[in-house]
Amino acid sequence: MADFIERQLEEIRSRNLYRQLKVVDGEQDATVRLNGREVLNLSSNNYLGLANHPALKEAAREALDRYGCGSGASRLISGNMTAHEELEQRIARFKGTEAALVFNSGYQANVGIIATLVEKDDVVLSDQLNHASIIDGCRLSRAAVSVYRHCDMDHLASLLAEAPATARKLIATESIFSMDGDIAPLGEIVELAERHGAMVMVDEAHATGVRGPDGAGVVAELGLGDRVLVQMGTLGKALGAFGAYVAGTAKLKDLLVNRARSFIFTTSLPPVVLAMAAAAVALVKREPERQCALQRNTQRLRNGLEQLGYAVAGSTQIIPVMVGEEQPCMRLAARLLEAGFYVQGIRPPTVPPGTSRLRVTTMATHTTEQMDQALDAFKQARYMVAG
Ligand SMILES: *Cc1c(COP(=O)(O)O)cnc(C)c1O
């Protein structure tokens, strides 16, 4: 009966797509102990180095004493605590929106938002490279999905024109793309949406804390807050905590509270987590130099990799080093790890076949010296990739 498990594992291995968990021991930092060995972490979304910051730890300890551990129920039952309300007010101020709603994770937020905003007979226009959580939200909604070529505005315009006039239309995009490190043309997307009467949803998972005024994201950086219906972001990446938020109008929040199944049918986040997130939002505002340090490290590593002749894509703290096939990509990652640099190889199904890459990410807490050591390791391994 369960033979299929071994057969499927065999098939995964034969396609060079087998994945195994690695264990980080100790705190998440610029360097980590990985499977018992100290390595430079070039694989984290903890971009600002807040995941082990004393201010977040302190906030968590205070919340623990004040509120205890678990919340005991979902938000609509008895699990809506002062800490949830306080964090949501803080996020609304941070984003400059009327309201905000916290979800337990970005995955749950995306699934819940999309299935609330569109249904059967509606249309989602989704960037080809959108995150799995957006794709799964589209599936759950049962709306028709029109996938447009990555950041291709002509393609988006023609798909919008083809959509039935009576259908509700939702354009969904990331701001900074998680695996490609480039930025969506949000100004053009908003204009097309307005021309065609479509709603816009922007996933700022990798921009929250990193870009824009006080780290409020790319939508805020471009001054598009009033023209984007749904601004979603995560609290577990640059903000170093856990969970996610949706920022928008009070009516949007009200509808999500009433309809989003991934909000309604799950136990709410514990106050300790919420307090860490609130402390992180305050810290990002107080210490803008973290964003500068991240940009500085990014430029150094990006420029260095380009000079070494690597095919580097995008323009942000996510630095994809394009390799192509799975095997050479994973061999290069293994070689760098041997040298003490933890860089994640990314393969299908996370990215399209033939576009396997190393996903190198920088942190504000990396030193210049560490960036140069990483470049040296990439230099030694350069012979492993063609081109
Ligand atoms: C990480 C990520 C998510 C999911 O957020 P979690 O809080 O980790 O569940 C959603 N969208 C994008 C683009 C992401 O990179």
Item checked: Selected residue [surrounded by 12 or more Cβ atoms within 10 Å (Cβ to Cβ), within 16 Å of the ligand (Cβ to nearest atom) and in a helix (DSSP H, G or I)] from L48, L87 -> L87
Next item on the list: Give me the pairs, please: first residue somewhere in segment 363-374 and charged (D, E, K, R), second residue anywhere and in a helix (DSSP H, G or I), beta-carbon distance under 8 Å, and either six or more positions apart or on two chains.
Entry: D372/R300; D372/G304
Item checked: Neighbours by Cβ (under 9 Å, 6+ apart or cross-chain): first from segment 239-250, more than 16 Å from V272 (Cα to Cα) and among the polar types (S, T, N, Q); second assigned to a strand (DSSP E or B) and more than 10 Å from the ligand (Cβ to nearest atom) -> T249/A99
Notebook entry, point to check: Can you tell me which of V145, V124 is without any contact (Cβ under 8 Å) to a residue 60 or more places away in the chain and buried (at least 24 other Cβ atoms within 10 Å of the Cβ)?
Noted result: V124
Item checked: segment 190-206: number of residues that are within 16 Å of the ligand (Cβ to nearest atom) and assigned to a loop (DSSP other than H, G, I, E, B) -> 3
Next item on the list: Spot the failing condition for D254; the list is (1) away from the ligand (no atom under 12 Å from the Cβ); (2) assigned to a strand (DSSP E or B), and only one is missed.
Entry: (2)
Notebook entry, point to check: When only residues in segment 279-334 that are more than 22 Å from the chain's Cα centre (by Cα) and among the polar types (S, T, N, Q) count, which is modelled with the lowest pLDDT?
Noted result: Q327
Item checked: Looking only at segment 335-387, and only at residues there that are modelled with pLDDT of 95 or more and of a type in the set (D, E, K, R), the one that is farthest from N303 (Cα to Cα) -> E338
Check: Looking at D180, D214, which one is under 30 Å from E58 (Cβ atoms) and in contact (Cβ under 8 Å) with a residue 24 or more places away in the chain?
Finding: D214
Notebook entry, point to check: Does segment 148-157 include one or more residues that are assigned to a loop (DSSP other than H, G, I, E, B), within 16 Å of the ligand (Cβ to nearest atom) and free of Cβ contacts under 8 Å to residues at least 60 places away in the same chain?
Noted result: yes
Notebook entry, point to check: Among the residues of segment 257-276 satisfying the criterion of being assigned to a helix (DSSP H, G or I) and either within 11 Å of the ligand (Cβ to nearest atom) or among the aromatic types (F, W, Y) (or both), which is nearest to L87 (Cα to Cα)?
Noted result: F263
Checklist line | Leading residue by the ranking (surrounded by the fewest Cβ atoms within 10 Å (Cβ to Cβ)) among those in segment 210-245 that are within 12 Å of the ligand (Cβ to nearest atom) and in a strand (DSSP E or B) | finding: T234
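The values are calculated or read from the model by the stated rules, or taken from the named source; none is laboratory data. Source: prediction; values computed, not measured. Glycine gets a Cβ as well: all are built from the backbone with ideal geometry, and neighbour counts include every protein chain shown.
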